[in-house]
Amino acid sequence: MKANPTAAARWVASALAVALFPLPARAHLISTGLGPVYDGIAHFALTLEDLLPAFALALLAGLRGKDHARHVVIALPLAWFLGGGLGMFFTAHPPIVPGWLPLLALGILVASDLALPRTATTTIAIVFGTLLGFENGISMAQTGTGGRGVLGASVAVFVLTTLVAACVAAWRTGWLRIAWRVAGSWIAAGGLLLLGWSLR
Amino acid sequence: MRFGRPIGHFVVLAMAIAAFATPSFAHIQRGEGGGFLTGFLHPISGLDHVLAMVAVGLWGAQLGAPAIWALPVTFPLVMAFGGFLGLLGVPLPGTEIGIAASAIALGAMVMLERRPPIYIAAALVGFFAIFHGYAHGTELPPGESGLLYSLGFVVATGCLHAIGIAIGTIHRWTAGRVALRIAGAGVGLAGLAFLWRAVT
């Protein structure tokens with residue numbers, strides 16, 4: 001077989017050109033292969049910008065006691081789900097919540113251990129739940145995960161906040177209270193640094 | 001062989017793409033764990049940082065409540081503020097000298113078992129936290145998650161404080177108090193060595 005070196009060189013050159021300048025796709029959702037509900041759960045579990053605010057809200061509610069915790073574990077996932085449903089209709093909407101804001105705000109609230117009334121705790125949960133769910137809904141609609149993805153993420157929010165808030169509400173005296181507050185301080189520090197990265 | 005040449009070209013093309021392909025980032029979060037690990041290792045890879053952070057914990061243990069819990073809650077936030085300044089490009093001259101001075105000052109406080117009012121202790125520790133945060137905050141390797149890197153170094157710093165506090169519990173015994181003061185002297189001497197290295 002007599003090869004044509006010029007044609008082969010063209011192929012190699014074109015292949016190298018294709019390989020050296022790829023544009024990596026950066027879809028923001030996780031594909032588990034198990035369906036959209038699990039994709040939504042995995043998305044929440046692996047997205048720190050969603051996971052940490054929910055964790056901080058659970059800390060905040062747990063530190064204030066069982067009464068606050070009971071309201072937040074219902075209000076937050078519900079708001080997340082409704083916000084997500086709303087977000088699915090605004091697929092071209094730019095992000096409305098910078099990633100640093102919930103981390104910094106909620107982290108400071110946890111670290112300072114402010115004695116908020118129950119209405120305030122619940123309102124904060126509804127506001128952040130709606131906003132973060134809205135962002136989830138936009139990205140899930142864009143990638144075709146849809147409402148079942150939003151449902152999966154909301155269920156994951158419910159499970160996480162229930163477990164964390166229950167633990168914190170049960171163990172919130174002495175050293176453990178300090179440990180929860182230190183966790184809030186770490187979250188706030190992460191938020192402040194994320195603001196720095198975004199302004200850099 | 002009629003189709004030999006085109007097949008050969010396709011094989012060359014496929015091999016070139018396979019050899020040089022940049023992995024697609026769709027559905028996979030790459031560099032995330034690496035970002036956390038890099039951030040986590042950053043404070044513990046430098047002896048100057050390690051000694052100063054452990055000294056904060058030792059001093060907190062000596063001071064007792066409320067300093068023992070106020071310092072670990074406030075330090076990460078002030079340190080993050082230092083990192084924030086660094087990310088914004090605000091110049092902070094003499095960062096390495098400030099870090100070395102923190103080891104000297106905190107070591108001296110532990111050695112002399114000084115018990116200033118809480119606001120003075122917090123101001124002193126906060127002042128030095130800015131230098132430490134500044135040094136950490138500006139050194140994110142390219143391609144890694146800023147949030148995870150930030151969380152990594154905040155968590156590592158918190159762990160170093162916890163180690164200092166745990167060691168500081170020997171303060172309840174007479175021999176332990178002496179040992180702590182000797183440890184403080186050691187940190188101060190190491191700080192002098194760091195200062196010498198920073199100015200020469």
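The values are calculated or read from the model by the stated rules, or taken from the named source; none is laboratory data. What you see is a predicted model; the values in this text were computed from it and never measured. In this analysis, Cβ positions are derived from the backbone assuming ideal geometry, glycine residues included, and neighbour counts consider all displayed protein chains.
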Open item on the list: Exactly one condition in (1) assigned to a helix (DSSP H, G or I); (2) closer than 19 Å to residue A:64 by Cα; (3) modelled with pLDDT under 85 is false for residue A:163; which is it?
Closed with: (3)
TODO: Output yes when any residue across segment A:66-88 is at pLDDT below 85 and more than 28 Å from residue B:145 (Cβ to Cβ), and no when none is.
DONE: no
TODO: Among the candidates B:63, B:112, B:58, single out the residue that is in contact (Cβ under 8 Å) with a residue 40 or more places away in the chain, surrounded by 24 or more Cβ atoms within 10 Å (Cβ to Cβ) and out of contact with any Ser or Thr (no Cβ under 7 Å at 6 or more places or on another chain).
DONE: B:58
TODO: Please give the number of the condition residue B:153 fails out of (1) outside any helix (DSSP H, G or I); (2) in contact with a Pro (Cβ under 6 Å, 6 or more places away or on another chain).
DONE: (1)
TODO: State which residue is nearest to residue A:149 (Cα to Cα) when the search covers only segment A:58-85 and only residues that are under 17 Å from the mean Cα position of the chain (by Cα) and surrounded by fewer than 23 Cβ atoms within 10 Å (Cβ to Cβ).
DONE: A:85
TODO: Would you be able to say whether some residue in segment A:172-179 is among the hydroxyl-bearing types (Ser, Thr, Tyr) and over 19 Å from residue A:73 (Cα atoms)?
DONE: yes
TODO: Could you tell me whether any residue of segment A:112-122 is at pLDDT 90 or above and in contact with a Leu (Cβ under 6 Å, 6 or more places away or on another chain)?
DONE: no
